[in-house]
Every structure is written in C-alpha cells, then in structure tokens.
1. In terms of modelled amide H atoms, which long-range or inter-chain residues lie less than 5 Å from the amide H of V373?
2. Which whole number in µm²/s is D for the range 113-177 by Stokes-Einstein, with the Kirkwood Rh taken over Cα pairs at 4 °C and 1.567 mPa s?
3. When all alpha-carbon pairs of the range 82-139 are counted, what percent fall beyond 16 Å?
4. What spacing in nm lies between the two simple spin-label points modelled at A55 and A314, each 7 Å away from Cα in the Cβ direction?
5. Enter the angle in degrees (range 0 to 90, nearest 10) between the Cα long axis of helix 67-76 and the first principal axis of the Cα atoms of the chain, meaning the one along which they spread out most.
6. Between N262 and V174, how high is the FRET efficiency from 1/(1 + (r/R0)^6) when r is the Cβ-Cβ distance and R₀ = 22 Å? Nearest 0.05.
7. Less than 11 Å Cβ to Cβ from D233, Lys/Arg counted +1 and Asp/Glu -1: what total charge do the surrounding residues give?
8. If you bin the C-alpha pair distances of the range 197-352 every 5 Å from 0, what whole percents do you get?
Amino acid sequence: MDTILVVNAGSSSVKFQIFAIDGEGRLRRQIKGQMDGIGSRPRLRASGANGDPMADRAYPIEAVPDIPAAMAVAGEWLRDELRITPMAVGHRVVHGGPDYDRPVLVDHGVVARLERFAALAPLHQPHNLAPIRSLLANFPALPQVACFDTAFHRTHSAVADHYAIPHQLHAEGVRRYGFHGLSYEYIAKTLPQVAPDIAKGRVIVAHLGSGASMCALRDGHSVESTMGFTALDGLPMGTRPGQIDPGVVLYLIAEKGMSASNVQSFLYRDCGLKGLSGVSNDMRELEASADGNAKLAIDYFVYRIGLNAGMLAAALQGLDAFVFTAGIGENSISIRSRIAEVLGWLGVTLDPAENARHAPLISRPDSRIPVYVVPTDEELMIAQHTLTLLMNTPSSNPNHERVS
Ligand code: ADP
C-alpha cells in the first residue's frame, strides 16, 4: 500500500508519522514515532494507530549526533523492519516568509529560498530544513513537500500584516505573519462537518498547547492572528511571554546587560507560565499546584485569552462561534470553563455537563455563541497537502524513487 511520511523536526527531536493511502485516496494513520534526545540521549519510540507500542530503543550518542543521522535511523527502521517505503514526504516548516501562501514541492531552489527565512525563525527553520536537505541529497527523486505554519495567514489584509514601522522593514520581511496555520487550516476544513451552521461565519479558534495563539476566521479564511513576526507574540505560553512591551526588552539590554542571544533564550525558554508561576510550564502541573503564583499564572492565561478574544471579535466585527483546540483546549475542563466565563459578555454560556464529557459542542442550547471543541491534526493536514500536491503535479513522479 502507498504511504506518505510526515516529518516535524525540532532542535533535538524528529517526530514522524506514516499515513497509508487507501484505494479511494483516503489517508489512514499507521504509525506515530519520534527520535528524541538527538546529540544527548538518542531514543527511537514509535506506536501504531491504536497506540500499541512498536519500538522503544536507545542509541549511543555518536550514532545519532544530528538530525540527518536521526532521519537515517528512523528511515532504516521503517524500510528494513517494517518494509515501508513512502512515496513522498511532507514536512512541517515553520516559515514560508512573505512568498509562500501554500505548500510547495521542494527542489534545491525552494530550499535556498527557505534558508533565507532562517533569520525570521532562527530557532526552528534550520531544524525544519535539515531533513529536507539530507533527503534531497540521498533521494533526489523522492517528492518532498514543505507545509508552512505561516501560509494559512497570508490572506490577511495590509493593516493586519503591517507593523507601524518604516516600509523598508516590511519589504525585508518584518511582518505580522501568524503561526499555527496548519492547525487552523485543519480546523477550518473540519468545521463544515462538525458545525456546518457556523463554518461560513465569524469564528475565533483558540489553539492552546505549549505554544498558544488564537485566529479569527471569516468564511474559513484567516483574517487576524494573535501571533506576529515570531511565535513570541500574543497569548502567554508554556515558556514564552506573549505580548510584551518592547520597552521591557530594551530594559533587559540596557539595565541588565543582556545580549541578543540571552534575550532570545529568555523570551523563548524562561517566561510564560513557567516564568510567571516559578512552578512549571505544564498546565496540568499548574492546575494541581497549591502555589499562589501557579494560580496567578493560570489567571493571567485566562485573562489574556479574554482580552485577545475581544480584539479578534473586533477584527471580525462580531462573533458567531468559538472553538477550542490543542492540548489545553482539548483536555482541560476547568480552563475551558474559566475562559467561557470571561467570554460571557460576548454571549457565551457553557453547559458544564457537556464540557465535563468533552463533547464536541460544550455550550448550552441557548448560548448566543456556540462553543466547540475540535481536536486538531496538523500531521494529517500535512499528509493531505502532500498527497494533493503529488496528484496535481504530474512531473513529481511519485513512484520513481522511494525513501529508505
Ligand atoms: P505542543 O504540541 O505544542 O507541545 P500540546 O498541544 O500537546 O502542545 O499541549 C501541551 C499542553 O497541554 C501542556 O501545557 C499540557 O499540560 C496541556 N494539557 C494536556 N492535557 C491536559 C489536561 N488534561 N489538563 C490540562 N492541561 C493539559
């Protein structure tokens, strides 16, 4: 059976999934795996579609020093032990820059363009591109598709895309891109099935995971996002502060003597729920904690979601529905309930019983704004894009060479 490999590479891990394509061209998830501890304590773990374990192996550090080596180990496992040779690979790439408003079939020219955007996402883009480059070198005829977190937001108006800074910087790429686009695109594509009445309306989607943002959808298209130039802006997150006065950054530099890389590391790793609580970046641990600062961090998270919902409702000039997704949004009964309270003025009334059983529709029938929980699936979105691009690009020649 034909399969598609989906790859999401980070600084120390490569997550991968295998999707099988059935006779009708539908995708079915077969394997979820990850190679983590790259360069420190490498470990390959994988499970089947039902969560049944398939592999859990440790490797010596010198066997998996970097992302290309991790790809090679995972590829050998798929090919030699499972006899799986994907017909194409779809990659999550955080930044498509101003150019890419949709996924793209990768060649050397595309990789060169994407490398230019590394300056816009230095902590993510180089890691996302590493497996693409190594597969391109080892399997030049294997179709690879890059799917971007920014692409779904390229429909934003000029006022939503700009900062109030001189034009030259906008031309260079200093824009309000928005991220989590693959998640929002999946939700937008799923809404016509789960909530046909509101799919064409004005919807706020809250992607609340370790990274968190919200997106304003009109008729299934993104019109505004809480994230901007980088994934630091907007809502507070596990370890990122969300919206912060740039004056704070100036203070850190001028008064604390912090370098650009110190500030970068501070903003990406030491702030957000972790920094404010001093307890944890993990919402489950904060909810279980009796520490007063853990409570403050949760209060702040909920408060900022309420403020940003008001902003997005203004961008949409009204609101027809609210959707929760990602780790916190899909799983935390109490956070959903707290957020619904701060959205009360917009016309939200939650049904506590439906919320407690994680129903798809968790608002009361008389709630003016219906509230949904829609599990996201960014990997399926990438697999779908990869398949679509393959089918619509005759020259991509999917059966010519297979990954190993
Ligand atoms: P990412 O994919 O960005 O790493 P996830 O979407 O998996 O993040 O979300 C991770 C977050 O979801 C963590 O803060 C975690 O605590 C939270 N989370 C997961 N399950 C629950 C739960 N049952 N209750 C509260 N928070 C949860």
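Values quoted throughout were computed directly from the atomic coordinates according to the rules given, and no laboratory measurement underlies them. Here the structure is a predicted model, which is why all the values come from computation and not from measurement. Note that we place each Cβ from the backbone using ideal geometry, even for glycine, and neighbour counts take in every protein chain shown.
1. F324, L361, I362
2. On the way: Rh = 13.8 Å.
D, rounded to a whole number, is 94 µm²/s.
3. Working: 707 of 1653 pairs.
Within the range 82-139, distances greater than 16 Å cover 43 percent of Cα pairs.
4. With each label point 7 Å from Cα toward Cβ, the separation is 5.1 nm.
5. 60
6. Working: r = 22 Å, r/R0 = 0.98.
Rounded to the nearest 0.05, the efficiency is 0.55.
7. Numbers: positive: R176, R240; negative: none.
Computed value for this residue: +2.
8. Bin by bin from 0 Å, the calculated values are 2, 9, 18, 20, 19, 14, 9, 5, 2, 1, 0.
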